[in-house]
1. Does residue 169 satisfy being outside the structural domain of residue 260 (by TED's automatic domain parsing), within 11 Å of the ligand (Cβ to nearest atom) and either surrounded by fewer than 20 Cβ atoms within 10 Å (Cβ to Cβ) or part of a helix (DSSP H, G or I) (or both)?
2. Can you find a residue that is within 30 Å of residue 316 (Cα to Cα), in a helix (DSSP H, G or I) and within 11 Å of the ligand (Cβ to nearest atom) anywhere in segment 197-211?
3. In the list 102, 46, 93, 87, which residue meets the criterion of being free of Cβ contacts under 8 Å to residues at least 12 places away in the same chain and surrounded by 13 or more Cβ atoms within 10 Å (Cβ to Cβ)?
4. For segment 319-353, name all the residues that are under 28 Å from residue 232 (Cβ atoms), without any contact (Cβ under 8 Å) to a residue 24 or more places away in the chain and exposed (fewer than 15 other Cβ atoms within 10 Å of the Cβ).
5. Scan segment 143-159 and tell me whether some residue there is in contact (Cβ under 8 Å) with a residue 40 or more places away in the chain, within 13 Å of the ligand (Cβ to nearest atom) and surrounded by fewer than 14 Cβ atoms within 10 Å (Cβ to Cβ).
6. Quick one: which of 76, 64 is in contact with a helix residue (DSSP H, G or I) (Cβ under 6 Å, 6 or more places away or on another chain) and in contact (Cβ under 8 Å) with a residue 24 or more places away in the chain?
7. Testing residue 294 on (1) within 23 Å of residue 233 (Cα to Cα); (2) within 9 Å of the ligand (Cβ to nearest atom); (3) in contact (Cβ under 8 Å) with a residue 24 or more places away in the chain, one condition comes back false. Which one is that?
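The values are calculated or read from the model by the stated rules, or taken from the named source; none is laboratory data. Since the model is a prediction, treat every value here as computed from it, not as a measurement. Heads up, the Cβs are rebuilt from the backbone with ideal geometry, glycines too, and the neighbour counts pull from every protein chain shown.
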Ligand code: B12
């Protein structure tokens, strides 16, 4: 478990237990409605919500916690399609009120006031949701739409070898690997996530699909290895904290490699001291930090601060899905680059980091 700032371990355990109990007290119907497994899941969710609140308080970001709560609520509504959607909404509001009550008892007044602010914002966010954006993700339209639909269909039917053949044949037909990565494999991954979230597929399909996508990504290596070696600029890339989402950062290193950079990929779940050691040992021109889950953002900031504290001479780029649910948190950080787009990053690096 990541270390939290406002809720040290003892307090977290106490708070989680009390929030869970208070929640059941305020809404006794939950005990009838949920089976044993669902109650255990609810207990885990209390932990996850406290972690998210801690991260939002730590970074003093107004959007992070409300966005997380809205995501959890939608997931609950998807999990209980037969129950009217205002039932999970009421349950979530009660849950947030229980959190508030308990934290008022457990935290010093100044921290409790801060927690209340985030909890109130979350309640308004779900009671009065902002108008939703365009209904389509763009998956079904645009360049390579047919190809990505075929690739995804094969993943959904566990036809992983055929999916790999499809990508291999596409690459052999001259479609640049950069397009395959960004316009076929990435959208297919995001679509897998949406299908899981809306309960259209199980975790098994998403897991097998993701490992197939990682194998498909490896198909660009022959192209990378064909390039003559030379004076290459070096990039070190990693996910932060307990982040397990590594497909995005792998894709970034593959894209850098395709443009002739030398990449070292630390991968997922890397402790901060290991990142610093790798920077000292390998002396890259650029370090790329990727964060998918918002609760890992404080660790990303820790790494940025540690790099400056240690006086390491390296440019710092941060990005990944987590930043999209914040109020532009990156603009407060001492970094060299942020974008939500991998190609922007590589274009910027080519311009700003001389060979
Ligand atoms: C595959 C997957 C997993 C796999 C990851 C396996 C692996 N080896 O990577 C596993 C099963 C482990 C997993 C676990 C979980 N997951 Co998951 N996962 C996904 C999924 C379906 C696809 C991720 C992916 O491959 N994306 C494709 C890559 C290419 O895109 P990308 O990561 O966005 O990266 C691109 C850009 O963001 C950008 N970028 C990335 N980093 C950087 C850095 C810089 C500097 C720049 C400029 C750009 C940049 O460039 C990349 C290339 O274009 C997503 C769905 C989604 N919408 O992403 C959910 C998703 C991210 N997961 C989610 C969740 C909730 C979880 C779990 C908490 C589930 C659970 N209850 O256990 C756990 C958490 C595990 C952990 N500790 O990290 C949620 C997150 C929701 C939220 N609130 O943020 C998502 C969005 C699913 C959903 N629709 O709700 N997951």
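1. Here the answer is no, as residue 169 does not meet what is asked.
2. Here is the first cut: in segment 197-211, the ones within 30 Å of residue 316 (Cα to Cα) are 210-211.
Retained after the next criterion (residues that are in a helix (DSSP H, G or I)): 210-211.
Imposing the further condition that a residue be within 11 Å of the ligand (Cβ to nearest atom) reduces the set to 210-211.
Yes: one or more hits.
3. On the way: 102 fails: free of Cβ contacts under 8 Å to residues at least 12 places away in the same chain; 46 fails: free of Cβ contacts under 8 Å to residues at least 12 places away in the same chain; 93 fails: free of Cβ contacts under 8 Å to residues at least 12 places away in the same chain.
Going through 102, 46, 93, 87 in turn, the sole match is 87.
4. 340, 341, 344, 347, 351
5. Within segment 143-159 (the criterion being in contact (Cβ under 8 Å) with a residue 40 or more places away in the chain, within 13 Å of the ligand (Cβ to nearest atom) and surrounded by fewer than 14 Cβ atoms within 10 Å (Cβ to Cβ)), the answer is no, since none of the residues qualifies.
6. None of the others qualify; the one that does is 64.
7. Only one criterion in (1) within 23 Å of residue 233 (Cα to Cα); (2) within 9 Å of the ligand (Cβ to nearest atom); (3) in contact (Cβ under 8 Å) with a residue 24 or more places away in the chain is unmet by residue 294, namely (1).
Rundown of residues vs (1) more than 19 Å from the chain's Cα centre (by Cα); (2) within 30 Å of residue 74 (Cβ to Cβ); (3) modelled with pLDDT of 95 or more; (4) within 12 Å of the ligand (Cβ to nearest atom), yes/no style:
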| residue | (1), (2), (3), (4) |
| --- | --- |
| 216 | yes, yes, yes, yes |
| 221 | yes, no, no, no |
| 230 | yes, no, no, no |
| 233 | yes, no, no, no |
| 246 | no, yes, yes, yes |
| 258 | yes, no, no, no |
| 262 | yes, no, no, no |
| 273 | yes, no, no, no |
| 280 | yes, no, yes, no |
